[in-house]
Amino acid sequence: MTHPAPDPELALAYLDGRIDDGPLLVEAARLRDEGKGRIVTYSRKVFVPLTTLCRDRCTYCTFAKPPGAGGMYLEPEEVLGVVKAGAERDCTEALFTLGDRPEDRWPQAREFLAAHGHGTTLSYVEAMSRLVMEETPLFPHANPGVMTREEMAALRPSNPSMGLMLENVSPRLMEKGMPHFECPDKDPAIRLQVIDHAGELRVPFTTGILVGIGETNQEIIESLFAIDERQRRRGCVQEVIVQNFRAKADTPMRRHAEPLPAWFARVVAVARWLLGPEMNLQVPPNLTEHFEIYLSAGINDWGGVSPLTIDWVNPEQPWPHLEELAARTRAAGHELVPRLPVYPEFIDSTWLAPSVLAKARRATDSDGYALAGRALPSSR
């Protein structure tokens with residue numbers, strides 16, 4: 001199965017189960033090997049939940065919490081405490097995850113920000129990114145929700161990469177009764193514009209799709225094509241995450257069906273086929289028990305995995321131990337290698353601010369992979 005160009009109708013037939021997925025999986029693995037060889041990367045990280053306040057009301061989310069029920073901001077010393085503890089464990093990424101613009105909804109957010117000399121949460125993210133960049137060996141990776149072009153430009157001098165999940169390109173998911181109802185920041189047109197900003201500002205960018213929240217198979221394919229179109233035009237998409245929905249207790253979607261791994265592997269393989277051999281394709285390993293199945297579907301990255309902090313977005317799903325991740329990756333015929341939050345091919349003066357580039361080069365080998373964290377059994 002070799003196609004001169006991706007065929008959306010054939011991709012849909014695979015996701016619908018109308019044809020056998022054997023040739024698709026073979027082609028996905030071949031494309032991965034063509035573009036990435038047998039190396040599978042991961043980013044050794046700490047999760048920094050800068051604020052769990054949010055103005056959105058996603059029906060599958062347990063990360064966002066209101067004031068008085070867990071909603072909070074981390075103080076600067078708390079941020080540094082987490083990051084410095086990560087440095088002791090050879091982490092290289094400080095993943096800043098937070099709710100979207102909570103100050104637009106919560107007076108408590110405005111009060112915290114004013115007390116710390118900031119008018120917006122994005123301004124506080126920028127200050128904490130600089131703090132981490134200047135005072136620790138780790139690299140910030142800001143995942144702060146929707147950003148304006150000016151906000152992203154302010155973050156670029158301290159962040160070698162940034163991210164925002166597209167989730168899905170369909171505005172239908174914002175309608176009443178759907179998961180993104182009353183979530184202004186989940187408007188796909190706005191989120192695609194953020195990717196455009198990244199291309200204009202030369203910011204290595206992480207995005208992806210969330211599968212299983214009520215979208216159709218056609219909308220999955222349209223979402224992948226929308227990401228591919230941005231990458232072809234902007235060149236800034238450093239990786240695409242294909243993430244499977246997991247139902248969480250105490251959410252309106254707690255009884256919603258989860259994607260079956262065998263079918264979800266088809267989605268992953270279709271993503272590799274549509275996005276091509278050069279794209280870095282990731283599936284989180286903590287959301288599927290037998291995660292090796294996705295190596296057969298064409299991925300080349302496990303994303304951020306922490307030896308220290310929980311997955312604050314999916315707290316009920318523990319990370320695999322890094323030794324186990326290395327062993328299971330190696331058993332599938334691949335070599336696990338640590339990377340920075342920015343991929344090797346983006347570590348140059350085109351994509352990184354001068355101070356970030358200098359620090360990144362000190363932290364990587366001649367191939368652009370992270371020097372820290374090589375003590376695992378699979379170290380190169």
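The values are calculated or read from the model by the stated rules, or taken from the named source; none is laboratory data. Owing to the predicted nature of the structure, the values given are computational and were not obtained by experimental measurement. Methodologically, a virtual Cβ is constructed for each residue, glycine included, from the backbone with ideal geometry; neighbour enumeration extends over all protein chains shown.
Summary of values
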quantity: Out of Glu229, Glu215, sole residue that is closer than 21 Å to Leu10 by Cα and not in a helix (DSSP H, G or I); calculated: Glu215
quantity: Residue list for the stretch 312-348, restricted to those being modelled with pLDDT under 95, of a type in the set (A, V, I, L, M) and in contact with a Leu (Cβ under 8 Å, 6 or more places away or on another chain); calculated: Leu322
quantity: Output for the stretch 214-225, where each listed residue is crowded, with 21+ Cβ neighbours inside 10 Å and over 16 Å from the mean Cα position of the chain (by Cα); calculated: Glu215, Ile220, Ile221
quantity: Breaking point among (1) out of contact with any Ser or Thr (no Cβ under 8 Å at 6 or more places or on another chain); (2) of a type outside the set (A, V, I, L, M, F, W, C); (3) within 19 Å of Tyr60 (Cβ to Cβ), for Asp250; calculated: (1)
quantity: Residue list for the stretch 283-309, filter: outside any helix (DSSP H, G or I), touching a Ser or Thr at 6+ places or on another chain (Cβ under 8 Å), closer than 22 Å to Arg30 by Cβ and not aromatic (Phe, Trp, Tyr); calculated: Leu295, Asn300, Asp301
quantity: Subset tally (residues that are in contact with a strand residue (DSSP E or B) (Cβ under 6 Å, 6 or more places away or on another chain), surrounded by fewer than 21 Cβ atoms within 10 Å (Cβ to Cβ) and at pLDDT 95 or above) for the stretch 64-81; calculated: 1
quantity: Residue in the stretch 252-287 that is surrounded by the most Cβ atoms within 10 Å (Cβ to Cβ), counting only those that are of a type in the set (S, T, N, Q) and modelled with pLDDT of 95 or more; calculated: Gln282
quantity: Residues (among the small types (Gly, Ala, Ser), at pLDDT 95 or above, more than 21 Å from the chain's Cα centre (by Cα) and surrounded by 13 or more Cβ atoms within 10 Å (Cβ to Cβ)) located in the stretch 349-380; calculated: Ala353, Ala363
quantity: Flag if Asp90 is over 19 Å from the mean Cα position of the chain (by Cα), surrounded by fewer than 24 Cβ atoms within 10 Å (Cβ to Cβ), at pLDDT below 95 and over 26 Å from Glu151 (Cβ atoms); calculated: no
quantity: Candidates Thr97, Thr62, Thr41 - the one that is assigned to a loop (DSSP other than H, G, I, E, B), hydroxyl-bearing (Ser, Thr, Tyr) and touching a residue at least 12 places away in the same chain (Cβ under 8 Å); calculated: Thr62
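The rows are residues; the columns are (1) under 20 Å from the mean Cα position of the chain (by Cα); (2) surrounded by 22 or more Cβ atoms within 10 Å (Cβ to Cβ); (3) of a type in the set (D, E, K, R).
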residue	(1), (2), (3)
Leu24	no, yes, no
Glu34	no, no, yes
Thr51	yes, yes, no
Cys61	yes, no, no
